[in-house]
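All remarks here apply to the structure that follows.
The values are calculated or read from the model by the stated rules, or taken from the named source; none is laboratory data. The structure displayed is predicted, hence computed values, not measured ones. With ideal geometry, Cβ positions are generated from the backbone for all residues, glycine too; neighbour counts draw on all protein chains shown. Heads up: the accessible areas ignore ligands, DNA and RNA and are worked out on the full protein's heavy atoms, side chains in. Shrake-Rupley method; radii C 1.70, N 1.55, O 1.52, S 1.80 Å.
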Amino acid sequence: DTEVTQTPKHLVMGMTNKKSLKCEQHMGHRAMYWYKQKAKKPPELMFVYSYEKLSINESVPSRFSPECPNSSLLNLHLHALQPEDSALYLCASSQDYLAGGMYEQYFGPGTRLTVT
Amino acid sequence: AQKVTQAQTEISVVEKEDVTLDCVYETRDTTYYLFWYKQPPSGELVFLIRRNSFDEQNEISGRYSWNFQKSTSSFNFTITASQVVDSAVYFCALSERKGGSEKLVFGKGTKLTVNP
């Protein structure tokens with residue numbers, strides 16, 4: 001099973017709302033990732049968690065707050081977003097580098113976020 | 001810093017034609033990993049191949065083949081006898097170490113359209 005699930009599939013929120021994106025995997029992967037993808041652009045890394053600890057934050061604004069409650073779950077909490085934050089948010093997981101090199105990442109279907 | 005160049009922004013072919021997608025990379029690392037991902041219109045990134053820098057053997061998987069040449073820093077992808085279902089954006093990616101983790105550096109992608 002190489003499935004990563006994400007909920008919700010679509011989200012529309014106002015600039016004053018608080019919402020959360022959820023990601024789940026059951027492949028035993030210990031590295032999990034959040035990406036943001038704008039139309040016609042490659043995915044842009046936001047955060048990396050390794051063994052449930054934040055290991056990379058690509059200078060993401062604090063209105064995005066990641067959380068990794070356990071090895072299977074990854075959340076992205078959203079607060080006071082701007083219209084320019086509208087994008088496809090992708091979650092991915094992989095075996096961790098400590099397992100021996102960089103492994104392929106498996107991506108979820110994404111959450112299409114619209115900020116009004 | 002790592003860099004991936006996919007010079008072909010868009011390619012259009014007729015079904016059953018062979019097509020090659022180019023990928024050129026820059027790195028100072030001696031150990032690194034290269035990847036290809038497919039992103040169909042549905043939006044989910046699909047892993048196609050992972051190659052480490054010590055393995056220069058070409059790979060074939062059905063209609064897909066990959067040519068890795070360290071001497072020219074290239075990792076090209078060929079689809080033989082293309083089909084309409086191959087229509088997608090294809091991303092080449094390179095590993096980059098950051099802190100205690102690894103991240104992917106993506107090229108800008110090549111949009112392939114296969115016409116019937």
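Looking only at Cβ-Cβ distances, which cysteines of chain A have no other cysteine closer than 4.7 Å?
If one checks each Cβ against the other cysteines of chain A, A:Cys68 turn up with nothing under 4.7 Å.
Only Lys, Arg, Asp and Glu count, each charged at its Cβ (+1, +1, -1, -1), so figure out the dipole size of chain A about its Cα centre, rounded to 20 debye.
With only Lys, Arg, Asp and Glu charged at Cβ, the dipole is about 440 debye.
Each residue of region B:61-66 in order: what ³J(HN,Hα) in whole Hz does its phi give by Karplus 6.51 cos²θ - 1.76 cosθ + 1.60, θ = phi - 60°, with x for Gly and Pro?
Running phi through 6.51 cos²θ - 1.76 cosθ + 1.60 with θ = phi - 60° gives 9, x, 7, 9, 8, 10 Hz.
Search the structure for amide H atoms under 5 Å from the amide H of B:Leu21, placed 1.01 Å from N in the peptide plane, and list their residues when 5 or more places away or on another chain.
Placed amide hydrogens put B:Phe77, B:Thr78, B:Ile79 under 5 Å from B:Leu21.
Rounded to the nearest 100 Å², what is the sum over both chains of accessible area buried where A meets B, with a probe of 1.4 Å?
Chains A and B together bury approximately 2000 Å².
So how compact is the protein assembly as shown: Cα radius of gyration and Dmax in angstrom?
Cα radius of gyration and Dmax of the protein assembly as shown are 17.8, 53 Å respectively.
With the Cα gyration tensor of region B:16-72 in hand, give its eigenvalues times 5 under a square root as the equivalent ellipsoid semi-axes, listed largest first in whole angstrom.
Equivalent-ellipsoid dimensions as semi-axes: 22, 15, 11 Å.
For region A:57-103, just run the numbers: alpha carbon Rg, then divide by 2.2 N^0.38 Å, N being how many residues it has.
It is 1.43.
If you average 1/r across every pair of different Cα atoms in region A:39-84 and take the reciprocal, what Kirkwood value do you get, in Å?
After inverting the pairwise mean of 1/r, the radius is 11.9 Å.
Nothing charged except the Cβ atoms of Lys and Arg (+1) and of Asp and Glu (-1): what's the magnitude of the dipole of the protein assembly as shown about its Cα centre? Round to the nearest 20 debye.
660
Once amide H atoms are built 1.01 Å from N in the peptide plane, which residues 5 or more positions from A:Ser86, or in another chain, come under 5 Å H to H?
Residues meeting the criterion, in which the H sits 1.01 Å from N, are A:Val115.
Quick one: if you stick a label point 7 Å off each Cα along the C-beta vector at A:Glu52 and B:Glu59, how many nm between them?
Calculated label separation equals 3.2 nm.
Long-range amide H contacts for B:Lys3: which residues qualify at under 5 Å (H placed 1.01 Å from N, peptide plane, sequence gap of 5 or more or a different chain)?
Close amide H contacts, sequence-distant or interchain: B:Glu26.
Rounded to a whole number, what % of the accessible area of chain A do carbon and sulfur atoms account for, probe 1.4 Å?
49
Hey, what does the equivalent ellipsoid look like for chain A, semi-axes from the Cα gyration tensor as sqrt of 5 times each eigenvalue, largest first, whole Å?
24, 14, 13
Counting Lys +1, Arg +1, Asp -1, Glu -1, what net charge surrounds A:Ser55 among other residues with beta carbon under 12 Å of its beta carbon?
+1
What translational D, rounded to a whole number of µm²/s, comes out for chain B from Stokes-Einstein when the hydrodynamic radius is the Kirkwood one over Cα pairs, at 37 °C and 0.692 mPa s?
So the translational diffusion coefficient is about 227 µm²/s.
By per-residue mean of other Cβ atoms within 10 Å, what is the highest-first order of B:104-112, A:57-65, B:60-68?
Highest to lowest by the protection proxy: B:104-112, B:60-68, A:57-65.
From the backbone phi of region A:41-52, what are the Karplus-calculated ³J(HN,Hα) couplings (6.51 cos²θ - 1.76 cosθ + 1.60, θ = phi - 60°) in whole Hz, Gly and Pro given as x?
Working through the residues one at a time gives 10, x, x, 10, 5, 10, 9, 10, 10, 10, 6, 6 Hz.
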